[in-house]
């Protein structure tokens, strides 16, 4: 009875407080995700990635991802080394697990950078319009005119190799898409009746933007971010493959693929295992993004 009354409290059409409204909306969203097979499949894969990153030392069973043992270099998968070893005798299973930490770190840092920038540029351009919109959108168009990977390579080459510079390079190429989405959402929201009512009540422009417009843009931005995760991972792996991302001896999937490309025919596991990890994680984020899009915008899937 208690659970039933709690559910009715969460699903009420007339919430008595902001807290009840927020909790009710969260409950509806989680329920929709749990009922969506695509979203659940992606969520499971992403959850496994997070667990791999957090508990890498435990899952690696004490194996050091950077410890070299030339006596077992390029060893095939076995009971001792589940995924085999690389050209320096390092355990590929341990390096794949620790590589999840690097991948998750890059994804998290890029997300923290691009979402605020995209929201700020898009909401300001969409709300103020006029010359502000024209200037900000032309700057956005300049970044969109270049292929993302090529532009990221140019920034990474200029900044130098390293995870921090890779994050900056990817972020500089990823924010325009979020600015476009935020601008489109803001232009629609700004014409709504409740925004006009807030304006008549004397609310400041910045209060309207931060308290009303930005929260309403977040769902679309989050869906786009989830769909973009695969692109972020692939770009980071591309930079690592070319030596512009994480530097040796750090375990990073793109660099691991690069180190195994010379022995791909004879010792296939060196490059294949991290390549499969990149594929699975990218697929997981794509599935999660598709599921979230169906949840937050059912009309998009119709």
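The one condition from (1) in contact with a helix residue (DSSP H, G or I) (Cβ under 8 Å, 6 or more places away or on another chain); (2) touching a residue at least 12 places away in the same chain (Cβ under 8 Å) that residue 272 does not meet is (1).
Considering every residue within the stretch 224-235, establish whether at least one is in a helix (DSSP H, G or I), under 23 Å from the mean Cα position of the chain (by Cα) and closer than 21 Å to residue 125 by Cα. Looking through the stretch 224-235, at least one residue is in a helix (DSSP H, G or I), under 23 Å from the mean Cα position of the chain (by Cα) and closer than 21 Å to residue 125 by Cα. Considering (1) within 25 Å of the chain's Cα centre (by Cα); (2) free of Cβ contacts under 8 Å to residues at least 12 places away in the same chain, the lone condition that residue 80 does not fulfil carries the number (1).
Checking the stated criteria, residue 211 turns out to be assigned to a helix (DSSP H, G or I) and surrounded by fewer than 17 Cβ atoms within 10 Å (Cβ to Cβ).
Listed here are the residues, each with its yes/no results for (1) modelled with pLDDT under 90; (2) more than 25 Å from residue 229 (Cβ to Cβ).
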| site | (1), (2) |
| --- | --- |
| 138 | no, yes |
| 146 | yes, no |
| 151 | yes, no |
| 170 | no, no |
| 179 | no, no |
| 188 | yes, yes |
| 193 | yes, yes |
| 202 | yes, yes |
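Which of the following residues is surrounded by fewer than 14 Cβ atoms within 10 Å (Cβ to Cβ) and under 19 Å from the mean Cα position of the chain (by Cα): 26, 47? The conditions single out 47.
The number of residues in the stretch 29-39 that are touching a helix residue (DSSP H, G or I) at 6+ places or on another chain (Cβ under 8 Å) and either surrounded by 15 or more Cβ atoms within 10 Å (Cβ to Cβ) or outside any helix (DSSP H, G or I) (or both) comes to 5. Regarding residue 238, is this residue surrounded by fewer than 16 Cβ atoms within 10 Å (Cβ to Cβ) and either under 25 Å from residue 292 (Cβ atoms) or touching a residue at least 12 places away in the same chain (Cβ under 8 Å) (or both)? In short, no. Here residue 183 fulfils each of the conditions (1) over 19 Å from the mean Cα position of the chain (by Cα); (2) at pLDDT 90 or above; (3) farther than 17 Å from residue 128 by Cα apart from (3). Exactly one residue out of 157, 174 is in contact with a helix residue (DSSP H, G or I) (Cβ under 6 Å, 6 or more places away or on another chain) and in a helix (DSSP H, G or I), and it is 174.
Out of all the residues in the stretch 11-21, which are assigned to a helix (DSSP H, G or I), surrounded by fewer than 12 Cβ atoms within 10 Å (Cβ to Cβ) and modelled with pLDDT under 75? Break it down stepwise before answering.
Applying the first criterion (assigned to a helix (DSSP H, G or I)) to the stretch 11-21 yields 11, 18-21.
Now restrict to residues that are surrounded by fewer than 12 Cβ atoms within 10 Å (Cβ to Cβ): 18-19.
Result: 18, single match.
Kindly establish whether residue 281 is within 20 Å of the chain's Cα centre (by Cα) and without any contact (Cβ under 8 Å) to a residue 24 or more places away in the chain. Taking the combined requirement at face value, the residue does not satisfy it.
The values are calculated or read from the model by the stated rules, or taken from the named source; none is laboratory data. This is a predicted model, so every value here is computed, not measured. Using ideal geometry, Cβ is built from the backbone for each residue, glycine included, and neighbour counts are taken over all protein chains shown.
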